[in-house]
Amino acid sequence: MRICLARPRDLPTLLAFREEAAAWLSRVGTDQWQRPYPAGKLLATIEAGVVFMVRDGDTTAATITLTPDAEEGLWTERELREPSLFVNKLTVARTHAGRNVGGRLLDWAGSRAYCAGAQWLRLDAWTTNTALQLYYLRQGFGYIRTVRQGVAVNGGPRVSGWLAQRETRLAEHGFTDDTPPPERIDA
């Protein structure tokens, strides 16, 4: 499997991928991602060069967004001064579930963050999705706190405020990495 930058032409694939994930999440009993994701917002992150795709031949196996931008209102001023990259929208295709693709993708993100000069790989998870929270804890993330106050960036109520982080490090992930080197965040 190889990891590459998403391109604008990948927008329909990524939107369908998210719909598939939302349907699966609904079947397992969580309300996560039940609102459609705005295509324009996803396209903007693709064009910013922070959306990555794992391809297994011609199949999209997973996607992750890795950005230096924290969602407003989640992290303290002190935390925001610490060099960090933030994981968003990590999604693994049902066809590739159970193969540790997500764990390997988190290792890739941690390595990329380390090479960019970040100390922390941080994320916010759906507040009511305890299975997802436990997954991140098993992946070595430490729980920070849950933020329930405030309004999310998309204007809705805050629903993704379970915060966790782990130190960045070089790690074996097993992907062929076809991405350009990361920009330094401490430059």
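Can you tell me which residue within the stretch 71-93, out of those that are of a type in the set (A, V, I, L, M) and part of a strand (DSSP E or B), is surrounded by the most Cβ atoms within 10 Å (Cβ to Cβ)?
Taking the stretch 71-93 as the starting set, the residues that turn out to be of a type in the set (A, V, I, L, M) are 74, 80, 85, 87, 90, 92-93.
Subset that is part of a strand (DSSP E or B): 85, 87, 90, 92.
Details: LEU85: 26, VAL87: 23, LEU90: 21, VAL92: 23.
Out of the qualifying residues, it is LEU85.
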Residues of the stretch 39-58 classified as at pLDDT below 90 and under 12 Å from ASP10 (Cα atoms), total: 3
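So is ALA61 of a type in the set (Gly, Ala, Ser), in contact with a Ser or Thr (Cβ under 8 Å, 6 or more places away or on another chain) and not in a loop (DSSP other than H, G, I, E, B) or not?
Numbers: of a type in the set (Gly, Ala, Ser): yes; in contact with a Ser or Thr (Cβ under 8 Å, 6 or more places away or on another chain): yes; not in a loop (DSSP other than H, G, I, E, B): yes.
So ALA61 passes the test.
Among the listed residues GLY117, GLY142, GLY150, GLY98, which satisfies the condition of being at pLDDT below 95 and over 22 Å from VAL54 (Cβ atoms)? Quick ask: steps written out before the conclusion?
Details: GLY117 fails: at pLDDT below 95; GLY142 fails: at pLDDT below 95; GLY98 fails: over 22 Å from VAL54 (Cβ atoms).
Checking each option against the conditions leaves just GLY150.
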Residue in the stretch 20-35 that is at pLDDT below 95, surrounded by 13 or more Cβ atoms within 10 Å (Cβ to Cβ) and of a type in the set (Ser, Thr, Tyr) present: yes
Identity of the residue in the stretch 154-170, surrounded by 14 or more Cβ atoms within 10 Å (Cβ to Cβ) and assigned to a loop (DSSP other than H, G, I, E, B), that ends up modelled with the highest pLDDT: THR168
Residue count, the stretch 86-109 (criterion: more than 15 Å from TYR135 (Cβ to Cβ), of a type outside the set (D, E, K, R) and touching a residue at least 60 places away in the same chain (Cβ under 8 Å)): 2
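The values are calculated or read from the model by the stated rules, or taken from the named source; none is laboratory data. Since we're looking at a predicted model, the values are computed, not measured. Cβ coordinates were reconstructed from backbone atoms using ideal geometry, including for glycine residues, and neighbour counts include every protein chain displayed.
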